[in-house]
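What follows is a short report on a single structure.
The values are calculated or read from the model by the stated rules, or taken from the named source; none is laboratory data. These figures come from a predicted structure and were not determined experimentally. When we count neighbours, we look across all protein chains shown, and the Cβ atoms used for this are built from the backbone with ideal geometry, even at glycine. Side chains included, ligands, DNA and RNA excluded: accessible areas come from the protein's heavy atoms. Shrake-Rupley method; radii C 1.70, N 1.55, O 1.52, S 1.80 Å.
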Amino acid sequence: MKILITGNMGYLGTVLAKHLRATMRGARLYGYDSGFFAHCLTTKDRLPESVYAAQYFGDVRDFPAPLLDGVDAVVHLAAISNDPIGNKFEKVTADINHDATIALARAAIDHGVKSFVFTSSCSLYGAAADGARKESDALNPLTAYARSKAACERDLRALNGKGMRITALRLATACGMSGRLRLDLVLNDFVASAMTEGTIKILSDGTPWRPLIDTQDIARAIEWGLTRDRVAGDDFMAVNIGAQACNYQVHALAESVARAIPGVKIDINTKAAPDKRSYQVDFGLFRNLAPRHQPQIDLDRSIAALRDGIASSGIHQNRMDGAMLIRLKTLESHIDAGRLSADLRWT
Ligand SMILES: NC(=O)c1ccc[n+]([C@@H]2O[C@H](COP(=O)([O-])OP(=O)(O)OC[C@H]3O[C@@H](n4cnc5c(N)ncnc54)[C@H](O)[C@@H]3O)[C@@H](O)[C@H]2O)c1
């Protein structure tokens, strides 16, 4: 099986490569990435891309269709990956996250690709504090990032019936260790702040709900998406990816981190305006469809892996290294140095 993974040199792709190498031994992996964060390594292990048959560098906005020759499956991770970047680069976010995704999916159909796994996000439920959201519930994307994912799902759904299985994985917020760690994700930020500053600062009043899932469990879910059966004759499917027990309020995440790293203070902003981005999610469909690919890493294990990984990579001792793990800051530093243009193309 030949698998092409776009955006493979980021936080999730780095964990996914190792997982697929171990679980789909016969698969040949090909990577395609602009390399924005290629240098942001947080591992002393071998280069993550060394498990690939080939690594291509390029922008998904200019994806060369011949790279799809002979490809059986695509995992499409390449994207502007959070709200702060989406807010600052709104048009670029729509171009990369939406337009390039749909063009890639169409090219994949033309090339006879059988399976297309798209990493969508539970953030498209937006504000949903009145009960856990199911796949059939209305979407309420509140940000440019979430809107780009919702638009992708709408247009990918329209490609139903063209012979390619499309799986939109609505991922819960990722957490946990990776060879390219991100510190702009809530749990990762809490662990790193606890280790560097001895304090966890909660910017909201701590009440918003957020479902969480470990990077390794996301890799397991992507493996399921690659190999799943068709359901009810539909080529397209959107599935919430996480576990029922993993809907947390933000203050509970901070308390769990404080238990694992003794002596840490929690600083809640009691005057903060309510954070609208609050949602609980129902993961029953995923549990029924993928009993052998369910999340296995609980919150305490994610925290322990982060604590040990951060300690061994030494990033807690150097503020500069920590800043390099905030995706927006890395892009801004590329732009400030003249390496990237304002529309996020290498100069
Ligand atoms: N981490 C999460 O909590 C989470 C949750 C839901 C969905 N997702 C989705 O999963 C995917 C991967 O997320 P991540 O956390 O690994 O993000 P990341 O920012 O660490 O990685 C994204 C990768 O995409 C690449 N990329 C970005 N723009 C590109 C372009 N124009 N051309 C080619 N490559 C490009 C980057 O270089 C990077 O390697 C994204 O689509 C993201 O939206 C992530």
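With the convex hull drawn over the C-alpha atoms of segment 192-347, the volume per residue is 179 Å³.
Taking amide H as placed 1.01 Å from N in the peptide plane, Ile268 has its amide H under 5 Å from the amide H of Ile202, each at least 5 places away in sequence or on another chain. Straight-line cross-link partners of Lys162 among the lysines, defined as a Cα under 18 Å from its Cα and at least 8 positions apart when in the same chain: Lys114.
So, R0 is 30 Å and r is the distance between the beta-carbons of Ser136 and Asp298; what FRET efficiency does that work out to, to 0.05? Working shown, then result.
On the way: r = 28 Å, r/R0 = 0.93.
The computed FRET efficiency comes out at 0.60.
The amide H of Arg165, built 1.01 Å from its N in the peptide plane, has Ser115, Phe116 as neighbours under 5 Å, considering only residues 5 or more places off or on other chains.
Measuring with a 1.4 angstrom probe and ignoring ligands and nucleic acids, Cys152 comes out at about 0 Å² accessible. Rolling a 1.4 Å probe over the protein heavy atoms of segment 270-311, with every protein chain left in place, gives an accessible area that is 48 percent carbon and sulfur. For the set Tyr32, Tyr248, solvent exposure ranked by accessible area (probe 1.4 Å, protein chains only) runs largest to smallest as Tyr248, Tyr32. Straight-line cross-link partners of Lys44 among the lysines, defined as a Cα under 16 Å from its Cα and at least 8 positions apart when in the same chain: Lys18.
When restricted to Cα atoms, segment 1-132 yields an Rg and a Dmax of 15.5, 47 Å, respectively. Entry note, segment 1-156: relative contact order of 24 percent, from Cα contacts under 8 Å with a spacing of 6+ residues.
State, to one decimal in nm², a quarter of the convex hull surface area for the C-alpha atoms of segment 277-347, i.e. the direction-averaged projected area.
8.6 nm²
Take the Cα coordinates of segment 118-212, assign each an equal point scatterer, and use the Debye formula without solvent to give log10 I(q)/I(0) at q = 0.14 Å⁻¹. So the normalised log intensities work out to -0.66.
Computed over the Cα atoms of segment 259-318, what is the convex hull's projected area averaged over all directions, in nm²?
Averaged projected hull area, Cα only: 7.3 nm².
Springs between Cα atoms under 10 Å define the GNM used for the chain, and in it the highest mean-square fluctuation of Arg28, Arg292, Arg277 occurs at Arg292. Normalising the average separation of contacting C-alpha pairs (under 8 angstrom, six or more residues apart) by the number of residues puts the relative contact order of the chain at 20 percent. The radius of gyration of the Cα set in segment 187-267, together with its Dmax, comes out at 17.1, 55 angstrom. Hydrodynamic estimate: the Kirkwood radius of segment 33-100 over Cα pairs, inserted into Stokes-Einstein at 10 °C and 1.306 mPa s, corresponds to D of 113 µm²/s. Charge dipole (Cα centre; +1 on Lys/Arg Cβ, -1 on Asp/Glu Cβ; no other charges) of the chain amounts to roughly 420 debye. Beta-bridge orientation, the chain: approximately 10 percent antiparallel, per DSSP, counting only bridges with both partners inside.
Note that the chain presents 42 Å² accessible area per residue, ligands and nucleic acids not counted, probe 1.4 Å. Taking all protein chains as shown and a probe of 1.4 angstrom, His39 keeps an accessible surface of around 100 Å². Entry for segment 61-201 at q = 0.09, 0.18, 0.21, 0.22 Å⁻¹: log10 I(q)/I(0) = -0.33, -1.10, -1.30, -1.35, Debye formula applied to identical alpha-carbon scatterers, no solvent contribution.
With θ taken as phi - 60° and the Karplus curve 6.51 cos²θ - 1.76 cosθ + 1.60 applied, the whole-hertz 3J(HN,Hα) list for segment 296-302 is 10, 9, 7, 4, 5, 5, 4 Hz, x standing for glycine and proline. Here the convex hull built on the C-alpha positions of segment 172-234 has a volume of 112 cubic angstrom per residue.
For His111, the accessible area of its heavy atoms, probed at 1.4 Å with every protein chain present, is near 60 square angstrom.
Please check which bits of segment 219-237 a label hung off Asp72 would reach, taking the label as a point 7 Å along Cα-to-C-beta and the cut-off as backbone N under 17 Å. Output list for this probe position: 222-230.
With Rh defined as the Kirkwood radius, the inverse of the mean 1/r over Cα pairs, the Rg/Rh of the chain is 0.94.
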